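One structure is given below, encoded as C-alpha cells.
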Amino acid sequence: MMKRLCCLPASAFLLSLVTLQVQARSIHECIAVPQASIATDMPAGLDEFEQHLWTANTGHVVSKGTDTLLLLRLFLESPGVIDSQQFTKITGSLKGYTPSSEGMPEVVDARLTSGGTGFAHKGDYWLAHSADVELHQPHKGDGRIEVKVTAVGWNSYRKEDRSFYLQFTCQLKEIPFEKLSAWQGGDGNHWRSFGPGR
C-alpha cells in the first residue's frame, strides 16, 4: 500500500506533462505601426531559397514611411502533430488612426497570406491581394478590438482558391517599425517571418 501511495504523485506529474504537451498554441496579434510603409523591393544578395520566402511574405514587410499600418498576425500550432504550424498574416493601412481616437479607423489596401509555415518556400500558401477588414471596439477605453476579415485567396501551388472568414478579439498595441520582429513584419531572418519565436 505504501508503495502505491508513493507512486501516485509521479503518475499525476507525468499525466500533467502529457496534458501540457497536447495543448495547441494559438496567437493573435494586432499591431498599429505609425510612420511606416510596405517594403516592395526585394533585398539584394538573397539566395534562391530566401527569395522564395521573401516572395511569400511580400506585402507584410514594413519599412519607414508616412502611413499607419495595421498588422494582424495569427499563428496556430498543435504540438506533437507534424507540420501543424499554420500562419495567417493580414496587413493594411489605417485611415484616420490616432492612438486616442474614439472611433475605429477604416482599414484600406489590406492583403492576406495564409498557409503552413513549413511550406511557404514552395509557394504553397493562399494569397488574397484584397481583404475586407472590419474593426470594432466593444468596450471603449480597454484597447481590445473585435476583428472581422473576409477574403478569397488563391494558391498557385495547388491551383485552388479558398474563402476566409476570420473573427477574433485582440489587444491593439502600437509598435515602431524598428522594433518589429521578422514574424510581425520587421526585417530579419526570412524563415522566421512565418511564425513567432518561442
> What ranking do 106-114, 127-135, 68-76 get when scored by the average of other Cβ atoms within 10 Å per residue, highest first?
Replying inline: 68-76, 106-114, 127-135
>> Suppose a student asked you for the relative contact order of the range 23-175, using Cα pairs under 8 Å spaced at least 6 residues apart; what percent would you report?
In response: 21 percent
> In terms of the Cα gyration tensor, with a ≥ b ≥ c the square roots of its eigenvalues, is the range 74-184 rounded because a/c is under 1.5, prolate because a/b exceeds b/c, or oblate?
Replying inline: prolate
> How much length is gained on full extension from Ala44 to Phe119, taking 0.36 nm per residue of separation minus their Cα-Cα distance?
Replying inline: 24.7 nm
> For the charge dipole of the range 150-196, defined by +1 on Lys and Arg C-beta atoms and -1 on Asp and Glu C-beta atoms about the Cα centroid, which residue among Val152, Asn189, Gln171 has the Cα displaced farthest towards the positive pole?
Replying inline: Val152
>> Given a Förster distance of 35 Å, report the FRET efficiency between Thr98 and Ser163 from their Cβ-Cβ distance, rounded to the nearest 0.05.
In response: 0.55
> Could you give the nm distance between label points at Thr55 and Ser37, where each point is 7 Å from its Cα heading toward the beta carbon?
Replying inline: 2.5 nm
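Say R0 is 22 Å: what FRET efficiency, to the nearest 0.05, do Thr66 and Lys140 get from their beta-carbon distance?
Working: r = 28 Å, r/R0 = 1.28.
Once the sixth-power term is evaluated, E becomes 0.20.
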> Where does each of Cys170, Cys30 land when they are ranked from fewest to most other beta-carbon atoms within 10 angstrom?
Replying inline: Cys170, Cys30
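Values quoted throughout were computed directly from the atomic coordinates according to the rules given, and no laboratory measurement underlies them. As the structure is a computational prediction, the values presented were derived from the model and not from experiment. With ideal geometry, Cβ positions are generated from the backbone for all residues, glycine too; neighbour counts draw on all protein chains shown.
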